[in-house]
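The values are calculated or read from the model by the stated rules, or taken from the named source; none is laboratory data. Computed from a predicted structure; not experimentally measured. When we count neighbours, we look across all protein chains shown, and the Cβ atoms used for this are built from the backbone with ideal geometry, even at glycine. These area figures cover heavy atoms from the full protein model, side chains too; ligands, DNA and RNA do not enter into them. Shrake-Rupley method; radii C 1.70, N 1.55, O 1.52, S 1.80 Å.
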Amino acid sequence: MRHAELALEAFGFSTARNTPYAGGYTTLLYGRREHGVHALQIEVNRTLYLDEARIERLACFAETRARLGEALGKLVAVDANVLIQNPPRQSLAAE
């Protein structure tokens, strides 16, 4: 989780765990940490890129998309061995 937060924060995004929503269905369905399959659910605030009243992209859409892409690139570059160093623990909601 911390690697994801750091990657997003490095590109100017703020992060919160399980706030305002605490999910878990998607990560429980697709994640199999004991088999090396990790799942992460990221929700992006639409106000970062969309005029919701007009349902139109904001002028900053391309820049936001690029920053998000760079953050995700940084995250997937994390050495997979780092992910398996910590044993699985009881998770809280989507965490």
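What's the local net charge at R46, with K and R +1, D and E -1, over the other residues with C-beta under 12 Å away?
-3
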Problem set entry | Rounded percent of accessible protein surface that carbon and sulfur make up, the stretch 1-55, 1.4 Å probe | 54
For this session: Take every Cα-Cα distance within the stretch 19-82, group them into 5 Å bins from 0 onward, and report for each bin the whole-number percent of pairs it holds.
Result: 4, 13, 17, 17, 20, 15, 8, 4, 2, 0
Seminar exercise, completed: For the chain, the longest principal axis of the Cα atoms and the Cα long axis of helix 61-76 enclose an angle in degrees, to the nearest 10, of 10
Exercise. Got a sec to turn the phi values of the stretch 32-42 into Karplus ³J(HN,Hα) couplings, 6.51 cos²θ - 1.76 cosθ + 1.60 with θ = phi - 60°, whole Hz, x for Gly and Pro?
Worked result: 9, 3, 5, 10, x, 10, 9, 10, 9, 9, 10
For this session: Can you tell me the FRET efficiency between E9 and V37 if r is taken as the Cβ-Cβ distance and R0 is 22 Å, rounded to the nearest 0.05?
Result: 0.30
For this session: List every residue whose amide H lies under 5 Å from the amide H of H38, counting only residues 5 or more places away in sequence or on a different chain, with H placed 1.01 Å from N in the peptide plane.
Result: R32
Exercise. Near E63, within a Cβ-to-Cβ distance under 14 Å, what is the net charge of the other residues, with Lys and Arg +1 and Asp and Glu -1?
Worked result: +2
Problem set entry | Packing-based ranking, highest mean first, of 4-12, 32-40 given that Cβ atoms within 10 Å are counted | 4-12, 32-40
